[in-house]
Amino acid sequence: MRKLYLVMIVVLLFVSCAKKIDPPKEWALLNSVTLKGINPIGLAVMNGELWLSDGDHNRLVQINPKGEILKEIDSLERPMHIDADKEILYVPQYGMDNIAIFNGDKRGILDVQDSLDAPAGVSVYKSEWAIADFYNNRILYNNGKNQISFGKEGRGNGEFYYPTDVQITENEIWVADAYNNRVQVFDKKGNFLKIIGAEEKMNAATGIYVSADELFVTDFENDRVLIFNLKGELKQVLKEEIEKPTDILKEGDTLFIINYRSGKLNTYDLQPVSN
């Protein structure tokens, strides 16, 4: 009888575990809204609110889910791939060779202690920051105490051909190596680790976002977004309602993609894969 009880317990545990296995899911388009009068380049979330850099109009705008402008910060010089941390917005000014900082009504400039040439992207993680220095073909990285520069113009491992976006994660630095049509990954000493996406025939990998388990890349000229796992294996390609995508961001269970040509904001969620 005791053996029978043990067998029943094992069977029940197996059935219970089997029920918890989720079906495979993929990202599906929920909504696409037109951003009237906005040509979006960069995307960030601060306090649950969406902010966009409108490079053609030299401003930042905060928008609601309908794409309506709630707030505006003007008098910028070609703001690019922005980032936000707590109450602070970090804005690379491509036309001013600096990183502007906005904290409420206060405006400042990030102390880079180096000369930038058309910064195209910035990333902030805890006390760390990194900058994609476009025309210098390099990344500047500061761990909160020390600063390094890595990269040079070229096609090889660890070399760049106009980097446009960068993201710091817990252990790595990810770079959109735009016109080498790939993403490169480095450790926090600037050592090259790997390349992702080189075989996918991208044409201008302009924007990236790295989540806990996925890498999202905007393939600008091919009007698509590629989704990889963190090993570099392609999982999904998004094309619907995408025209010249420039940036992408995951917030909670929602994915946002901005499109420069159409001036649209696309929203996605994960849905079960249909057979």
With under 22 Å from Val166 (Cβ atoms) and among the charged types (D, E, K, R) as the only criterion, which of Asp105, Asp111, Asp74 stands out?
Asp111
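Counting only residues that are assigned to a strand (DSSP E or B) and either open to solvent by 70 Å² or more (accessible area, probe 1.4 Å) or among the hydroxyl-bearing types (Ser, Thr, Tyr) (or both), how many does region 51-68 have?
At the first step, the residues of region 51-68 found to be assigned to a strand (DSSP E or B) are 51-54, 59-63.
Subset that is either open to solvent by 70 Å² or more (accessible area, probe 1.4 Å) or among the hydroxyl-bearing types (Ser, Thr, Tyr) (or both): 53.
Within region 51-68, residues that are assigned to a strand (DSSP E or B) and either open to solvent by 70 Å² or more (accessible area, probe 1.4 Å) or among the hydroxyl-bearing types (Ser, Thr, Tyr) (or both) number 1.
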Just to check your reading of the model, which residue among Asn136, Asn146 is crowded, with 21+ Cβ neighbours inside 10 Å and within 30 Å of Phe192 (Cα to Cα)?
Asn136
Scanning region 158-179 for residues that are open to solvent by 10 Å² or more (accessible area, probe 1.4 Å), over 14 Å from the mean Cα position of the chain (by Cα) and within 20 Å of Pro92 (Cβ to Cβ) gives Tyr161, Tyr162, Tyr179
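Before we move on, is Ser115 part of a loop (DSSP other than H, G, I, E, B) and not charged (D, E, K, R)?
For Ser115, the condition - part of a loop (DSSP other than H, G, I, E, B) and not charged (D, E, K, R) - is met.
Table: residues versus (1) at pLDDT 95 or above; (2) part of a strand (DSSP E or B); (3) of a type in the set (S, T, N, Q).
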site	(1), (2), (3)
Thr206	yes, yes, yes
Val237	yes, yes, no
Glu243	yes, no, no
Thr267	yes, yes, yes
Quick one: in region 132-157, of everything that is assigned to a strand (DSSP E or B) and among the hydrophobic types (A, V, I, L, M, F, W, C), which residue is nearest to Val91 (Cα to Cα)?
Ala132
Condition test on Ile99, is it in contact with a helix residue (DSSP H, G or I) (Cβ under 7 Å, 6 or more places away or on another chain) and either of a type in the set (Gly, Ala, Ser) or crowded, with 17+ Cβ neighbours inside 10 Å (or both)?
no
Candidates Asp253, Asp269, Asp213, filtered to the one that is within 14 Å of the chain's Cα centre (by Cα), farther than 25 Å from Phe150 by Cβ and surrounded by fewer than 15 Cβ atoms within 10 Å (Cβ to Cβ):
Asp213
For region 108-127, how many residues meet the condition of being closer than 20 Å to Val45 by Cβ and either under 18 Å from the mean Cα position of the chain (by Cα) or basic (Lys, Arg) (or both)?
7
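The values are calculated or read from the model by the stated rules, or taken from the named source; none is laboratory data. Note that the coordinates shown come from a computational prediction; the quantities given were computed from them, not determined experimentally. Because the Cβ atoms are built from the backbone with ideal geometry, glycine has one as well, and the counts that use them run over all protein chains shown. Each accessible area value is taken on the protein alone, full model and side chains, heavy atoms only, with ligands, DNA and RNA left out. Shrake-Rupley method; radii C 1.70, N 1.55, O 1.52, S 1.80 Å.
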